[in-house]
1. Tally the residues that are within 18 Å of A:H519 (Cβ to Cβ) and crowded, with 17+ Cβ neighbours inside 10 Å, restricting the search to segment A:469-480.
2. Does at least one position in segment A:27-47 carry a residue that is closer than 13 Å to B:W526 by Cβ and more than 22 Å from the chain's Cα centre (by Cα)?
3. Find all pairs meeting these conditions: Cβ atoms under 8 angstrom apart; at least six residues apart or on different chains; first residue within segment A:86-111 and under 17 Å from A:A68 (Cβ atoms) and touching a residue at least 60 places away in the same chain (Cβ under 8 Å); second residue open to solvent by 60 Å² or more (accessible area, probe 1.4 Å) and of a type in the set (S, T, N, Q).
4. Is there a residue in segment A:94-109 that is over 15 Å from B:A525 (Cβ atoms), within 14 Å of chain B (Cβ to nearest Cβ) and part of a loop (DSSP other than H, G, I, E, B)?
5. Can you report the number of residues in segment B:376-391 which are buried (at least 23 other Cβ atoms within 10 Å of the Cβ) and either aromatic (F, W, Y) or farther than 21 Å from B:T408 by Cα (or both)?
6. Looking only at segment A:53-73, how many residues end up being closer than 13 Å to A:F18 by Cα and not aliphatic (A, V, I, L, M)?
7. Mind checking which pairs have a first residue in segment B:319-341 that is assigned by TED's automatic domain parsing to the domain that holds B:S284 and among the polar types (S, T, N, Q) and a second that is open to solvent by less than 40 Å² (accessible area, probe 1.4 Å) and assigned to a helix (DSSP H, G or I), Cβ under 6 Å, 6 or more apart or different chains?
8. Tell me, please, whether a residue that is within 14 Å of chain A (Cβ to nearest Cβ) and either buried (at least 21 other Cβ atoms within 10 Å of the Cβ) or assigned to a helix (DSSP H, G or I) (or both) can be found in segment B:281-298.
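The values are calculated or read from the model by the stated rules, or taken from the named source; none is laboratory data. Quantities reported herein were computed from a predicted structural model and do not represent experimental measurements. Because the Cβ atoms are built from the backbone with ideal geometry, glycine has one as well, and the counts that use them run over all protein chains shown. We work out accessible area using only protein heavy atoms, side chains counted, and drop any ligands, DNA or RNA first. Shrake-Rupley method; radii C 1.70, N 1.55, O 1.52, S 1.80 Å.
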There are 2 protein chains.
Amino acid sequence: MSALRVAIGQVDSTVGDFTGNADRIRAVVTDSVAGGADLVLFPHMVLTGYPLGDLAGSTAFQAAAESALTSVARDVPDDVVVVLGTLGTDDEGRPFPKAVVIQDGEITTHTRGDGAPEDDATGQTLTVGGFRFGVSTGTELTGAGSSPQDGALDALLVLYASPFEVGHQAARDRLRRACAGKFGVPMFAANLVGGQDDLIFDGDSCVTGRDGAVVLRCPAFREDVLFVDFDGSTPRAADPAYVEPPQSDPVGEIYEAITLGLRDYVRKNGFDKVILGLSGGIDSALVATMACDAIGAANVIAVSMPSAYSTQHSRDDAAALAKATGLDYRVQPINTLVDAVQQELALSGVAEENLQARLRGLILMAISNSEGGLVLAPGNKSELAVGYSTIYGDAVGGFAPICDVLKTMVWQLATWRNTQARHRGEPEPIPQHTITKPASAELRPGQQDSDTLPRYDELDALLHAYLGERRSAAELIAAGFAPQTVQRVMRMVAGAEWKRRQYPLGPRVTSWALDRDLHLPVTSAWQEQID
Amino acid sequence: MSALRVAIGQVDSTVGDFTGNADRIRAVVTDSVAGGADLVLFPHMVLTGYPLGDLAGSTAFQAAAESALTSVARDVPDDVVVVLGTLGTDDEGRPFPKAVVIQDGEITTHTRGDGAPEDDATGQTLTVGGFRFGVSTGTELTGAGSSPQDGALDALLVLYASPFEVGHQAARDRLRRACAGKFGVPMFAANLVGGQDDLIFDGDSCVTGRDGAVVLRCPAFREDVLFVDFDGSTPRAADPAYVEPPQSDPVGEIYEAITLGLRDYVRKNGFDKVILGLSGGIDSALVATMACDAIGAANVIAVSMPSAYSTQHSRDDAAALAKATGLDYRVQPINTLVDAVQQELALSGVAEENLQARLRGLILMAISNSEGGLVLAPGNKSELAVGYSTIYGDAVGGFAPICDVLKTMVWQLATWRNTQARHRGEPEPIPQHTITKPASAELRPGQQDSDTLPRYDELDALLHAYLGERRSAAELIAAGFAPQTVQRVMRMVAGAEWKRRQYPLGPRVTSWALDRDLHLPVTSAWQEQID
């Protein structure tokens, strides 16, 4: 058998954008052919975007997908084979994800899969250049499915749509090894890249050897085409200068994932700018910096809205960030508005605190209504878990970039970003004082988060153990958390569910995102007994 | 065989309230024994409440359920058999709903079911007074499961947790007939009653003959104990004065369902009052009236918040409703606040309109923060579907009573409620003018909903066909809807998804509730082609 060149197209599709997705596929095919490819592999559901929700059941959507497939196939040259994922329908009109092969002007549906070659391996194989490939599609590689007869396959083609979460790349590498151990052949795997609502597809498309160890990999968090030569033994990079992309550190990959998710949310929803309040605190400082990295500082409107309780250092910190990043900085004090409302309503306590946050929310939404632009909510995961935020106040917005980031990680991300800037010889975007000062909502004189909440290192560890690892109160106490703290935090988590339900969506970066992965009833009398 | 008396306990459980639920079960058992019952049947998951979400996976919750069961069983007298639904765990600790039988001081797990007797009918039967009963539990009666050998069973005991939706009672009656046709024996079926977040369990517990036709039925939307005598033939009411509860008309049952859902949300979440804005329009008038019916007018704070654009007739209509119902009426004009914000921000157009709505939301939340009380959002389903509401304005609140009610049904409900009042010789709560005047948000001079939206009869018919029946654009146009209207409404529905995600929960009364039953991506480029 001769050698074959495979191109893996790691592309960023948009749900329902058949014209755009088809154009992107065509462009990659053209580039792949120019690069000498015999076979081009695309991800799961690349033509439709993913996930589709109810759109998958729409007959008009299904018809548009078929039409786009026909149109793409028409433009595939005869000297190349294209394998891509799209939406199919069975005989009863039910939708299912399928992999199709475009070869010699013909479209064949090759598999409906769960990420593993089907039992009927002979019916699911594809022959190109004398090599037999198994084809499978799905959201994750499961390692399920039967092994074909010995020697029946030369390699596997896997079409993924596997979203990012911290540590997921290592988990996928383990799955690949397990699967390869079963089939004993190299694997070519194409994953989607890009943001879709709360999900961030990280790419991480790759090629393994017979033992399932990754030998080639696309860079994460961006589009890429990887050219691979295959002669039946371990695949090799077509480009002799290929270097495996460096693996991001765990903090950096979260930063990159969120900026990708934010950029794609803005772009795919037709916005050209974002708007947020800039308090001088760490949360809004990080979100502002991420927004500048995602869509450019000129497209980021940041509004300082000081009240009588805002400290001078916070105002200075906000201004310093604005200067360092170059974003569109505005100052709109709220004292006059607070006074006007107070003359009518004479609020005190929590009502007065929330009033300030809500007037700020009102101002941001007014700017959005007047000038366009997506409002970003700066709430972090620790706050959302325990309800330490003002609904309709700091919670307003269409997208919440750090809603799946615990407060301790917020500080780490800020530090990481500043370190990157230093390495690049750029000014640090986030003022050191913003990182080092005690956290405060500044809604009353001298207020600090620690008045109301446990220390963030303790709170975050507790939240991770309780919500991430699903530990019981007894287990948490046995692990060393104070019983009163456990009880208090459990009550706060339960009591905040109604607010979380109304929070804007934002990028999921862990396996225990509060919206997608946590399913608590709002109405519940349940409290774990603490002895 | 002698005759047996069966009591069906249709009770309103609260999720996680083991003490309260167990007490309620004990009280019904005591009453049932006093009423001569040999067997007491309770609904699915009656001891834990339902549905549980992630709570079902909590080992502490599972242990508390077991403990509550032991405690209940201890108090069951030896001369009665109790069958109830609760949460079980399998050998690997996975939770599943189970039916347990408490008989002679023993607790036996009788089935884990899908609403139909299991294949192994002999293992799933219960013998009381010489009669053999099949036992099954689940959310709906499915009619699945195998028929046992002829003559093996004398009757079926079915434990339900089947939520209300319009027309559901008739659908259940059809399922019962289908199931009885298979088993050919009478059926005793106990359903939960009461609200749990967006779901309303309507009760409708019942008894059928061998042909599956309902012969006895509990009243809907309230707790009840039904005593039934069974001698092997068609069951009869123990009370010779039993009269089948009249079936509500389709409008009335929606009204009753919502008031139950609202009352239970308020009560189970520990509120003692509700707060809402009262504009003089139909939506807030209906919600205020429902709230008065649900928890008493003295516990309903209704705030008129006129702006410069509020008409005198709307202010008068709000005051008239307040007078007719006796609710806690307050007037808080917003002109001063609008002026204060406008001096700072100088908003116009939609931004100015939304400002008024947001200041009203801010006032309601300030009252809630100051005085306690649950804020009710008055948005109807037609508005939510197309996004005709102000997020963080009229959308604020913890519960949205009519979020699954189309505008045309809002008018019908208001008329139905006034008719009820006339029949009872009471004053009509909702001013006629509120019902008859053209709908308007009154956010600019002379504004009417019809400036922006199709006529509500057309819009509602279109929404039902598009979202309820999942018709394509081509089908909608073939059915007579104008192509431009179809296109416009489809775009509005897609564009409002981000706002719907942040809307408060509210009672589901149809099979196509916008939150539970509609799953649209926020980010989507999909538009059906309109020729």
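1. The first filter runs over segment A:469-480 and keeps only residues within 18 Å of A:H519 (Cβ to Cβ), leaving A:469-472.
Those still in the list that are crowded, with 17+ Cβ neighbours inside 10 Å too: A:471-472.
The number of residues fulfilling the criteria is 2.
2. Kept after step one, since they are closer than 13 Å to B:W526 by Cβ, are these residues of segment A:27-47: A:47.
If we keep only those that are more than 22 Å from the chain's Cα centre (by Cα) too, we end up with none.
No: zero hits.
3. A:A99/A:T109
4. If we filter segment A:94-109 for residues that are over 15 Å from B:A525 (Cβ atoms), which is where we start, we get A:94-109.
With the extra rule that they be within 14 Å of chain B (Cβ to nearest Cβ), the set shrinks to A:94-95.
Next cut, part of a loop (DSSP other than H, G, I, E, B) only: A:94.
Yes, that holds for at least one residue.
5. 1
6. 6
7. Taking only residues 6 or more apart or on different chains, the pairs are B:T325/B:C292; B:T325/B:A297; B:Q332/B:I363.
8. In the first step, residues of segment B:281-298 are kept if they are within 14 Å of chain A (Cβ to nearest Cβ); the result is none.
Scanning segment B:281-298 turns up no residue that is within 14 Å of chain A (Cβ to nearest Cβ) and either buried (at least 21 other Cβ atoms within 10 Å of the Cβ) or assigned to a helix (DSSP H, G or I) (or both).
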